[in-house]
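These notes concern the structure reproduced below.
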Amino acid sequence: MKHMSEKLQHFFDVGVMAIVRIDSQEDINPTIEALLKGGIDIIEVSLVTPHAVDYISRIHDEYGEDILIGAGTVLDPPSARLAILAGADFIVSPTVCPEVITMTKRYGRLSFSGGFTPTECLLAWESGSDAVKLFPAMPAGPEYLKAVNAPMKQIPLVAVGGVSADNLAEWFVAGAVGVAAASNLVDPELVKKGEFEMITSTASEWLRIAREARELS
C-alpha cells in the first residue's frame, strides 16, 4: 500500500486531475476506463454529483492502487469524513475551511484546500493543506497565479476553474504544480453519447501538453 507522501508525489508527477460529474451510474466505469487509457489516474468526484459517495466507494473497491480517487466540493468536516470512509485518498475544497483540513489529516488523507487571495492560500497551507487549489483560476489567469506564487514558492498551487487545453501550458509555465478540470477534460456530452474514445484522446493530449510545458518551465 502506497504511503500518502508517495501518492502526493504521484499527483505532482502527473500534474493533471480529472473532475468527474456524471449523473448516470452506468457511465462511471467507462469514463474511468477512458481516463486511465489516456494516462490520467487521478480522479476527483465532486460531491455535487448524485451518488458521489457511492462512486468513490465503487472506484476505490474496483481499482484500488491503480487510481488516486478523491472527493471534491467538500464544504464541511462530516462530508469529508463520509468520503474518506468510502475510500477517498484526498479531499478537495473550493474554499479555506481549516476544520475540513483537520478532519482530512486526522484520517491520514491528502488535503487540497481552495484559496484565492495570498492570505487564503497561506492560511490553507499553514492549516495543513498538502497543496492549495487556486480557485477560481479564471478569469484571473496564469499571470495571477505567478504573482501569488512569487513570494510563497513553498506553497504548491493547483489551478482549477477555467483550465482548458488552450491555456493548459500557461499554468505550468506560471508555476502551477498541477491543474484540475471538469467539463473541458471530461465532456459530459461525450459521456452521454458513449464517445469514450474521445475522452481518452483528450486525456492523452492534456498530459502531452503538460509534459512539454514543464520541460519549458
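The values are calculated or read from the model by the stated rules, or taken from the named source; none is laboratory data. All values reported here derive from a predicted model rather than from experimental measurement. In this analysis, Cβ positions are derived from the backbone assuming ideal geometry, glycine residues included, and neighbour counts consider all displayed protein chains.
Key figures
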{"item": "Of residues in the range 29-48 being in contact with a Phe, Trp or Tyr (Cβ under 7 Å, 6 or more places away or on another chain) and under 13 Å from residue 180 (Cβ atoms), the one surrounded by the most Cβ atoms within 10 Å (Cβ to Cβ)", "result": "45"}
{"item": "Subset of the range 49-64 (residues that are crowded, with 19+ Cβ neighbours inside 10 Å and of a type in the set (Phe, Trp, Tyr))", "result": "55"}
{"item": "Residue count for the range 30-53, restricted to those that are modelled with pLDDT under 95 and either polar (S, T, N, Q) or closer than 12 Å to residue 186 by Cα (or both)", "result": "1"}
{"item": "Selection from the range 65-96 of residues that are surrounded by fewer than 20 Cβ atoms within 10 Å (Cβ to Cβ) and aliphatic (A, V, I, L, M)", "result": "67, 75, 82, 85"}
{"item": "Hey, residue 8 more than 23 Å from residue 201 (Cβ to Cβ) and not in a loop (DSSP other than H, G, I, E, B) or not", "result": "yes"}
{"item": "Scope the range 5-28; condition buried (at least 16 other Cβ atoms within 10 Å of the Cβ) and over 15 Å from the mean Cα position of the chain (by Cα); matching residues", "result": "22, 27, 28"}
{"item": "Residues (free of Cβ contacts under 8 Å to residues at least 40 places away in the same chain, within 15 Å of the chain's Cα centre (by Cα) and within 16 Å of residue 31 (Cα to Cα)) located in the range 58-79", "result": "67, 69"}
{"item": "Every pair of residues 6+ apart whose Cβ atoms lie under 6 Å, when the first sits in the range 12-39 and is touching a residue at least 24 places away in the same chain (Cβ under 8 Å) and part of a strand (DSSP E or B) while the second is crowded, with 17+ Cβ neighbours inside 10 Å and among the aromatic types (Phe, Trp, Tyr)", "result": "16/206"}
